[in-house]
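Novice: Structure provided below as structure tokens; questions to follow.
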Amino acid sequence: MFHRLAEWDALATTTAPRSKEFRRIEEQLADEKAKTRRLRDKVRQLEGQLSSAVSVMLELQAVVEEQNTSSTVSGISRRQRLRS
């Protein structure tokens, strides 16, 4: 009886052979994980580009507002000089 238990223990610790279907699913999972990594990298790249674009737009907006403010101030100063 102990002899059979020892055989059973030896068999139970070995790994079972993988079926073709199981290997196919593992390969598919690995492919999907790789695809997910590539997509995450692309998202990070696009987020960086978006951040840069927003920075440029905000800087341009500040320049335009500054020009509008200075032209308004100049226009007011010019009108005040004309009235004097």
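The values are calculated or read from the model by the stated rules, or taken from the named source; none is laboratory data. This is a predicted model, so every value here is computed, not measured.
Novice: Can you work out which of the residues in the range 5-25 that are under 47 Å from the mean Cα position of the chain (by Cα) and among the hydrophobic types (A, V, I, L, M, F, W, C) is modelled with the lowest pLDDT?
Specialist: Across the range 5-25, the extreme among qualifying residues is 16.
Novice: Something else: If I go through the range 9-67 residue by residue, how many of them are hydrophobic (A, V, I, L, M, F, W, C) and assigned to a loop (DSSP other than H, G, I, E, B)?
Specialist: Summing the residues that are hydrophobic (A, V, I, L, M, F, W, C) and assigned to a loop (DSSP other than H, G, I, E, B) in the range 9-67 gives 1.
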